[in-house]
Amino acid sequence: MIGKLKGIVDSYGEDWVIVDVGGVGYMVTCSTRTLSALPGTGEPAVVFVETVMREDAIRLYGFASEAEKQWFRLLQSVQGVGARVALAVLGTLSAADLGNAVAMQDKAMVARAPGVGPKVAQRIVSELRDKSPIVGGDVAFAKVSGEVSEGRAASPARDAVSALVNLGYAQAQAGAAVAAALKGAGEEATAETLIRLGLKELAR
């Protein structure tokens, strides 16, 4: 089983990259987000890999971080979610954003991914609520492009969840507390208000 590749970027296509490791080229299928973070051709890169073995083929899926790789596994445990849909979700949301969406039970955010309808999005946030991996901020590629893009601005709710996680609370706990705080404070509440109310919820 291949778990990680460290080599030189040989070439890439619409949904794959070939990483040259000691003269052997490994074709790795990646999400659009992962591909956008890849360094240029001829440059060194480290890619976390999930190896999928089938009767007729062995396929490698590549990720920018261990957390993204864990999410790929977890997403496929949901009924109706295969490798293609899992990659679509991870191509639309970062590991941290997906963790927040699951913690907040925000199916609308997950449904932004191509090919993910409301029912599948609901199953994802419901079934993975208590299974979220610990999301780290480390990125594995030797060179990574910025993640600033249209619609990436953090909301007060996501800021509040991140703050509570940084204080040591589990992602699911933090999400539930902020969701409860939102009900009382309203959608216009600031992150500071949601953090304060969230802490009160967690102290109960």
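Nothing in this text is a laboratory measurement; each read-out follows from the coordinates by a stated rule. Every value quoted in this text rests on a predicted model; they were computed, and no experiment measured them. Here the Cβ is made from the backbone with ideal geometry for all residues, glycine too, and neighbour counts use every protein chain on show.
Structure summary
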{"quantity": "Extension gain from Ala203 to Met1, taking 0.36 nm per residue of separation minus the Cα-Cα distance", "calculated": "68.3 nm"}
{"quantity": "Cβ-based exposure ranking for Ile2, Ile58, Ile124, Ile195, in which fewest neighbours within 10 Å come first", "calculated": "Ile58, Ile2, Ile195, Ile124"}
{"quantity": "Difference of contour (0.36 nm per residue) and Cα-Cα distance, Ser11 to Arg59", "calculated": "15.6 nm"}
{"quantity": "Cα point-scatterer Debye curve for the chain, base-10 log of I(q)/I(0) at q = 0.09, 0.18 Å⁻¹", "calculated": "-0.37, -1.20"}
{"quantity": "Filter on Lys69/Lys119; Lys107/Lys131; Lys4/Lys131; Lys6/Lys131; Lys107/Lys183 - keep pairs with C-alpha separation over 27 Å", "calculated": "Lys6/Lys131"}
{"quantity": "Total charge dipole magnitude, the chain, about the Cα centre, Cβ charges on Lys, Arg, Asp, Glu only, Debye to nearest 20", "calculated": "580"}
{"quantity": "By average C-beta atoms within 10 angstrom, highest first, the peptides 23-36, 63-76", "calculated": "63-76, 23-36"}
{"quantity": "Leading residue at positive end of dipole, the chain (Cβ point charges), from Leu35, Ala157, Gln173", "calculated": "Gln173"}
{"quantity": "Karplus 3J(HN,Hα) series, Hz, for the stretch 35-48 with 6.51 cos²θ - 1.76 cosθ + 1.60 (x for Gly, Pro)", "calculated": "4, 5, 8, 5, x, x, 4, x, 9, x, 8, 10, 10, 6"}
